[in-house]
Every structure is written in structure tokens, then in C-alpha cells.
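Right, one structure below, let's go through it.
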Amino acid sequence: MFVINCKNYEEISGDKIIKFIKIAEKVAKKYKIKIAISPPQHLIGLVANSSISILSQHIDDSKIGSTTGFVIPELLKKSKVKGSLINTVNIEYQIKKLKNWF
């Protein structure tokens, strides 16, 4: 599997992410490979229905409710996000979050 972290580059901003995802879908189909893409959080809703896996760049250890600015695992799951990248700088914290998510 190829995992592409889009970070926050201008080349995938706004509707450009849709074009990028469509190209990745064609490549995955043509070469029979798995591709996962991790767009910035604010673009996930634009690409969640893709035929390739969409990953979150980040998740928080927070619950559904009256929070602002947190990336909630349960809501990502409902948005068809397949998983999250893990930052190796804080890997123990990330593993705890992943265990809670699954």
C-alpha cells in the first residue's frame, strides 16, 4: 500500500484535492495497487466517498460532545475515514488513542 500524506500544500487546496484523489483512484485501478491518502482535516469531507482509503492526519483523545477544534475518532469513523497517521514523536499517546478508537 502507498500512503500519501498531502500535508498542507497549495497543490491540494480546495477542490484541487478532488482532482488529486481521482488521479490516485485511476492509478490504483490501473496498476491494481492500494493507495491511501491523508488530506488536511478540513478537506476530508470532500473526499470521504472515494474508492481509495482516506486517512486522518491526526486524531484527538476526546469524546463527542461540546468540544471545539478536536478531531474526534468516532466522527471520523462515521465520515468513512479508514484510519489515522501516527506521529512517531508522540507514539505512545497515539497508540492509546488508536486503541480507544477500535
Rg [Å, one decimal], Dmax [Å, integer] - the chain, C-alpha atoms: 13.9, 44
Long-range HN-HN contacts of ALA36 with modeled amide H, under 5 Å: PHE2, VAL3, ILE4
³J(HN,Hα), Karplus 6.51/-1.76/1.60, whole Hz, each residue of region 69-77, x for Gly, Pro: x, 9, 9, 8, x, 4, 6, 4, 4
³J(HN,Hα), Karplus 6.51/-1.76/1.60, whole Hz, each residue of region 29-45, x for Gly, Pro: 5, 4, 9, 6, 10, 9, 10, 10, 10, 10, x, x, 3, 6, 9, 4, x
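Using R₀ = 25 Å, calculate the FRET efficiency as 1/(1 + (r/R₀)^6) where r is the Cβ-Cβ separation of ASN49 and GLU10; round to 0.05. Don't jump to the answer; show the numbers that get you there.
Details: r = 24 Å, r/R0 = 0.96.
So the FRET efficiency works out to roughly 0.55.
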Likely footprinting exposure, HIS58, HIS42, fewest C-beta neighbours within 10 Å first: HIS42, HIS58
Region 58-67 - phi-based ³J(HN,Hα) in whole Hz, Karplus 6.51/-1.76/1.60, Gly and Pro as x: 6, 9, 10, 8, 9, 9, 4, x, 8, 10
Label-point separation, VAL3 to LYS26 (7 Å along Cα→Cβ), nm: 2.7 nm
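Just so you know, all these numbers are worked out from the coordinates, no wet-lab data involved. Since the structure is predicted, the reported quantities are computational estimates derived from the model, not experimental observations. A quick note on method: Cβ atoms are made from the backbone with ideal geometry, for glycine too, and the neighbour counts reach across all protein chains shown.
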